[in-house]
Amino acid sequence: MINEVVTVDSDDDFYGKPDSAYMSTTIPLFRKAGIKVSGVQDILNLGIYITNAVKMPKSEYAVSKECIEESLPYLEK
């Protein structure tokens with residue numbers, strides 16, 4: 001599963017605190033799909049890895065072309 005960008009504070013990312021900002025929106029999406037999860041480990045146990053497409057936080061509304069190009073090798077791997 002691919003998300004847009006990392007958070008400014010790593011504690012708020014998927015693999016940060018158990019009550020991170022990203023997981024507070026991700027868990028309900030899985031539950032709406034009928035998949036009972038309570039945290040990122042439950043999602044990993046389903047064989048789903050969550051990553052961010054861009055490895056630097058956004059500083060503006062849109063992600064710059066440079067940030068995308070710098071992060072592309074990670075996604076290609």
Open item on the list: I need every pair where a residue in segment 55-77 that is under 20 Å from Phe14 (Cα atoms) and among the charged types (D, E, K, R) has its Cβ under 8 Å from the Cβ of a residue that is assigned to a helix (DSSP H, G or I) and open to solvent by 70 Å² or more (accessible area, probe 1.4 Å), sequence separation at least 6 or different chains.
Closed with: Lys55/Glu70; Lys55/Tyr74
Task: Top-ranked residue in segment 1-60 [being at pLDDT below 95 and of a type in the set (Asp, Glu); ranked as farthest from Pro73 (Cα to Cα)] - done: Asp19
Task: Number of the exception - Tyr49 against (1) touching a residue at least 24 places away in the same chain (Cβ under 8 Å); (2) loosely packed, with under 13 Cβ neighbours inside 10 Å; (3) touching a strand residue (DSSP E or B) at 6+ places or on another chain (Cβ under 9 Å) - done: (3)
Open item on the list: Suppose we filter segment 1-24 for residues that are open to solvent by 80 Å² or more (accessible area, probe 1.4 Å) and outside any helix (DSSP H, G or I); how many remain?
Closed with: 8
- [ ] Mind counting the residues in segment 46-77 that are under 14 Å from the mean Cα position of the chain (by Cα), part of a loop (DSSP other than H, G, I, E, B) and of a type outside the set (Lys, Arg)?
- [x] 5
Open item on the list: The conditions are (1) within 18 Å of Pro57 (Cα to Cα); (2) in a helix (DSSP H, G or I), and Ile43 fails exactly one of them. Which is it?
Closed with: (1)
TODO: Could you list all residues from segment 25-41 that are open to solvent by less than 70 Å² (accessible area, probe 1.4 Å) and free of Cβ contacts under 8 Å to residues at least 12 places away in the same chain?
DONE: Pro28, Gly34, Ile35, Val37
- [ ] Give the residues of segment 25-40 that are assigned to a helix (DSSP H, G or I) and of a type in the set (D, E, K, R), sorted by residue number.
- [x] Arg31, Lys32
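The values are calculated or read from the model by the stated rules, or taken from the named source; none is laboratory data. Here the structure is a predicted model, which is why all the values come from computation and not from measurement. Counting neighbours? That spans all protein chains shown, and the Cβs are built from the backbone with ideal geometry, glycine included. What goes into the accessible areas is simple: the full protein's heavy atoms, side chains included, and nothing from ligands, DNA or RNA. Shrake-Rupley method; radii C 1.70, N 1.55, O 1.52, S 1.80 Å.
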